[in-house]
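The values are calculated or read from the model by the stated rules, or taken from the named source; none is laboratory data. This structure is a prediction, so every number in the text was calculated from the model and none was measured. Note that each Cβ is placed from the backbone with ideal geometry, even for glycine, and that neighbours are counted across all protein chains shown.
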Amino acid sequence: MRRTKTTIRLSLIAFLAVILFSGNAQKGGPASAGARDKCTTVIVGKNATADGSVLLGHNEDWGEYLMPLRWNPREKHQPGETLKLRDGQVIPQVEETHAFIWPAAECNGINELQVAIADDTGSCRKELFQNERGIDLEEFVRLALQRSRTAKEAVLIMGGLIEKYGYRSHNGLDGDIVSIADPNEGWWMEVTIGGIWVAQRVPDDAFVVLANRFRIGEIDLKDSSRFLACPNLIDYAKQRGWYDPAQGPFHFYRVYGTAEDARAAYNTRREWRGNELLSGRKFREEENPLTLAPGKKLTPPDIMALLRDHYEGTEYDLTDRYEKGSPHHTSERTICVMGTDASFVTHLRGWLPPDIGGVLWLSAGTPCSSVYIPYYLGVLDFPKPYTFLSDIYNRENAFWVFNSLENLVDRYYAEKGKRGKGEARAIDTVAGFWKAFEEREFAVQAAVEKTALELYQKEKSLARSFLDAHSNALGMRAFVDAQTLGDTLRTRYYR
């Protein structure tokens, strides 16, 4: 009888979630509601957040990536099993791998133990040699997600794989900046063409904003709690004539990075803007601290706001707060760009079971015209529209629906339309609707998690079913609302 009541309770909660988040979209009300291959990432330490969690936020700016949302299951393997890399090398398999989610491209993910990874391209010395053989980015990110229990362990796993099997750049021209976080700490790795690597820990009371250039400077390899690196990091630079100890301390990005990218506004301006937004302080653009204490304790909405930013209200806002059109088509490379395929914030909390403590807040498409949906690690699956690929436009596919909506917003960003009076600008219509949607999500989060924890203490499967119903109801509600918002804009701006 108890199971029957619980099942009814789960169904009722799922139904209420749909009602709660239905808003006005099905009543024609949305209008009245309030570079390829380059990305942006932010990591926030546990003492810099409002609740003691670690946050990792990322914009995936690949530009044309249609990544279905899916769980990659836990796997068990027999002793002696091996795994073949794409270059033909064979490596030992582990006894058991962790389940993980790929939310946006196969170089980002979060595993069932709350280890989250995000990648940014990073420019490095062009004299470095591209390995003809070696593990590639997607392979070592996947293996780290499958094998690591902590962020630091993930760094060591990826570094060890590079050292043993070599590393192949994804394009033969750039290195990578790999950000890793767990509920206790955050790290980032900077990896060159050819596989020279170094990693630095984010201070617990600080944050770091990473664009597309190496940022790690002087390092203390005797302090493995703060820095990790490949064994030949300094010796190789000496052999190539890039570093002379007589000239001063070793400085990673000055030795292995490029002066051009170190100074490029394409990179530094995003870092500068992130530093100002999160610290609450003003900086000259040439002042670009590596890590900073925030001006207040940070929350997921703070990171979402950063990932949606176009330099509004600064001298680099070339649209005068959208009065001159879309900020995606100016000479400025903003944080949110038209090429952003997906955006996510991972909320990592060690005091809760991973199924409840780990939340992937995922925005399908450009975040300024989309919505972040909370997918708990306890979910069993994802809403169908988010789980399949379609090479042609498909109204039942989430990628196409959100992509179509963002294209409409981008085309009519500042326009109010020709029909009726008092219509809002396209961006205000859509962003206002999603703002209200997210406010409702956060308003019920504490109650949802309280119920999930109560169920978890009785039976883990009940908590997972509950969280699955909650997250999937929100995902489907957002999908339907995106369809309706698109129809609203098509009607408003017909020619």
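Where residues in the stretch 74-83 are in contact with a strand residue (DSSP E or B) (Cβ under 7 Å, 6 or more places away or on another chain) and charged (D, E, K, R), which of them is surrounded by the fewest Cβ atoms within 10 Å (Cβ to Cβ)?
In this case the residue turns out to be 76.
With the structure loaded, tell me whether residue 118 is in the same structural domain as residue 62 (by TED's automatic domain parsing) and outside any helix (DSSP H, G or I) or whether it fails that test.
Details: in the same structural domain as residue 62 (by TED's automatic domain parsing): yes; outside any helix (DSSP H, G or I): yes.
It is true that residue 118 is in the same structural domain as residue 62 (by TED's automatic domain parsing) and outside any helix (DSSP H, G or I).
Residue check, residue 349 against (1) out of contact with any helix residue (DSSP H, G or I) (no Cβ under 6 Å at 6 or more places or on another chain); (2) farther than 21 Å from residue 434 by Cα; (3) surrounded by fewer than 24 Cβ atoms within 10 Å (Cβ to Cβ), all met but one. Which one?
Among (1) out of contact with any helix residue (DSSP H, G or I) (no Cβ under 6 Å at 6 or more places or on another chain); (2) farther than 21 Å from residue 434 by Cα; (3) surrounded by fewer than 24 Cβ atoms within 10 Å (Cβ to Cβ), residue 349 violates only (1).
Does the stretch 378-385 contain at least one residue that is aromatic (Phe, Trp, Tyr) and either over 24 Å from residue 468 (Cβ atoms) or not in a loop (DSSP other than H, G, I, E, B) (or both)?
Initially, the stretch 378-385 is screened for residues aromatic (Phe, Trp, Tyr), giving 382.
Then keep just the ones that are either over 24 Å from residue 468 (Cβ atoms) or not in a loop (DSSP other than H, G, I, E, B) (or both); that gives none.
Within the stretch 378-385 (the criterion being aromatic (Phe, Trp, Tyr) and either over 24 Å from residue 468 (Cβ atoms) or not in a loop (DSSP other than H, G, I, E, B) (or both)), the answer is no, since none of the residues qualifies.
Report every pair of residues separated by at least 6 positions or lying on different chains whose Cβ atoms are under 8 Å apart, first residue within the stretch 127-141 and closer than 16 Å to residue 90 by Cα, second hydroxyl-bearing (Ser, Thr, Tyr) and part of a strand (DSSP E or B).
134/167; 135/167; 136/167; 140/167
Residue 464 fails exactly one of the following numbered conditions: (1) within 22 Å of the chain's Cα centre (by Cα); (2) modelled with pLDDT of 95 or more; (3) surrounded by 20 or more Cβ atoms within 10 Å (Cβ to Cβ). What is the number of that condition?
(1)
Residues to consider are 173, 128; find the one that is part of a loop (DSSP other than H, G, I, E, B), in contact with a helix residue (DSSP H, G or I) (Cβ under 9 Å, 6 or more places away or on another chain) and under 16 Å from residue 196 (Cβ atoms). Even if it seems obvious, please write down each step before you answer.
Values: 173 fails: in contact with a helix residue (DSSP H, G or I) (Cβ under 9 Å, 6 or more places away or on another chain).
Matching residue, one of 173, 128: 128.
Please specify each residue of the stretch 294-311 satisfying the condition of being surrounded by fewer than 16 Cβ atoms within 10 Å (Cβ to Cβ) and part of a loop (DSSP other than H, G, I, E, B).
Correct list: 295, 296, 297.
Based on what the data block shows, is residue 86 surrounded by fewer than 16 Cβ atoms within 10 Å (Cβ to Cβ), at pLDDT below 95, out of contact with any His (no Cβ under 6 Å at 6 or more places or on another chain) and not in a loop (DSSP other than H, G, I, E, B)? If you could, list the steps in order and put the result at the bottom.
On the way: surrounded by fewer than 16 Cβ atoms within 10 Å (Cβ to Cβ): yes; at pLDDT below 95: yes; out of contact with any His (no Cβ under 6 Å at 6 or more places or on another chain): yes; not in a loop (DSSP other than H, G, I, E, B): no.
For residue 86, the condition - surrounded by fewer than 16 Cβ atoms within 10 Å (Cβ to Cβ), at pLDDT below 95, out of contact with any His (no Cβ under 6 Å at 6 or more places or on another chain) and not in a loop (DSSP other than H, G, I, E, B) - is not met.
State which residue is surrounded by the most Cβ atoms within 10 Å (Cβ to Cβ) when the search covers only the stretch 125-146 and only residues that are of a type in the set (D, E, K, R) and under 24 Å from residue 113 (Cα atoms). Even if it seems obvious, please write down each step before you answer.
From the stretch 125-146, those of a type in the set (D, E, K, R) are 125-127, 132-133, 136, 138-139, 142; that's our starting set.
Now narrow it down to the ones that are under 24 Å from residue 113 (Cα atoms): 136, 138-139, 142.
Working: 136: 20, 138: 17, 139: 22, 142: 19.
Residue satisfying both the conditions and the ranking: 139.
Kindly indicate whether any position in the stretch 415-433 is over 26 Å from residue 329 (Cα atoms), assigned to a helix (DSSP H, G or I), among the small types (Gly, Ala, Ser) and modelled with pLDDT of 95 or more.
Scanning the stretch 415-433, I find no residue that is over 26 Å from residue 329 (Cα atoms), assigned to a helix (DSSP H, G or I), among the small types (Gly, Ala, Ser) and modelled with pLDDT of 95 or more, so the answer is no.
Is it the case that the stretch 414-423 has a residue that's closer than 28 Å to residue 303 by Cβ, assigned by TED's automatic domain parsing to the domain that holds residue 363 and in contact with a helix residue (DSSP H, G or I) (Cβ under 6 Å, 6 or more places away or on another chain)? Lay out the reasoning, then the answer.
Of the residues in the stretch 414-423, the ones closer than 28 Å to residue 303 by Cβ are 414.
When the remaining residues are screened for being assigned by TED's automatic domain parsing to the domain that holds residue 363, the result is 414.
Applying the additional criterion that residues be in contact with a helix residue (DSSP H, G or I) (Cβ under 6 Å, 6 or more places away or on another chain) yields none.
The answer is no; no qualifying residue exists.
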